[in-house]
Every structure is written in C-alpha cells, then in structure tokens.
C-alpha cells in the first residue's frame with residue numbers, strides 16, 4: 001500500500017508544480033499582453049500627434065510660400081526640413097513598432113505559447129505600459 005500512496009503523493013506534487021508553472025506562465029502572458037496593448041496605443045497616439053503636427057507645419061509652409069511671404073524663403077526651407085524630419089520620425093516609430101512586434105512574437109513562439117496566448121500577451125504589454133505612463137504622469 002505504501003507504493004500506491006507514495007505514487008499518489010508524487011503525482012499530486014507534480015500536478016501542483018505544473019499548475020503553479022501554468023499560473024506563472026499565464027501571469028507572464030497577461031503582463032506581456034498589457035504591455036503590447038499599451039505600446040500599440042502609445043505608438044498610435046505618437047503617430048497621430050506627429051501627423052497633426054505635420055499637417056500644421058504643411059499649412060504654415062503654404063502660408064510661407066504665398067506671394068507676400070517671398071522674403072521668408074528661409075523659414076519655408078526650415079519648415080520643409082522640419083516636416084521631412086517629422087516624417088522620418090514617424091517612419092522610424094513605425095519600423096520600431098514592427099520590429100518590436102516581430103521580436104516579441106518570435107520570443108513567445110520560442111517559449112511555446114499559442115497564437116491566442118501571444119495575442120493576449122500583446123494586449124497585456126500595452127495595458128502595463130498605460131499603467132506605467134499613468135503612474136509617471138500622476139507623480140509630482
């Protein structure tokens with residue numbers, strides 16, 4: 001009878017260890033999902049802000065090239081350079097987001113996570129970033 005009880009106890013310990021590892025993995029996935037969601041939302045806000053800024057600069061540029069503003073040629077040139085610089089920044093942000101997403105997906109797949117777990121991980125990443133940003137904004 002001792003053998004049966006020992007096997008049952010060992011099986012119970014192994015099951016508890018597996019459940020603990022599964023819970024830890026699930027928490028990690030949820031955290032990564034929050035971080036990804038926060039990252040995507042933050043990048044979307046940055047892109048929208050940069051696009052709005054670019055539109056404003058384009059309007060300023062159009063005003064600067066009007067007939068009465070020909071003497072402000074340098075300002076027009078500076079505005080064009082600024083617009084191009086901002087466009088390059090938007091492209092860099094988009095590339096960074098794509099690289100980050102690709103890297104995270106590859107890492108999660110290497111860890112053996114399913115597509116659904118990966119999606120949740122990305123959502124978790126974004127949520128965590130939002131929380132961190134909120135905490136940073138509310139601190140004096």
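Quick note: the coordinates plus some simple rules give every number you see, no bench work behind them. Not measured: the values here are computed from a predicted model. Counting neighbours? That spans all protein chains shown, and the Cβs are built from the backbone with ideal geometry, glycine included.
List of remarks:
- Highest mean first, the peptides 11-22, 95-106 sorted by other C-beta atoms within 10 Å per residue fall in the order 95-106, 11-22.
- Cβ-derived FRET efficiency at R0 30 Å, residue 109 paired with residue 82, nearest 0.05: 0.15
- Region 29-138 - percent relative contact order, Cα under 8 Å, separation 6 or more: 65 percent
- Adding -39500 (n - 2.57) for every DSSP H run of four residues or longer, then dividing by how many residues the chain holds, sets the calculated 222 nm ellipticity at -33000 deg cm²/dmol.
- Working from label points 7 Å from Cα in the Cα-to-Cβ sense, the residue 75 to residue 101 distance is 4.0 nm.
- Take the Cβ atoms of residue 6 and residue 26, set R0 to 41 Å, and the FRET efficiency comes out at 0.85.
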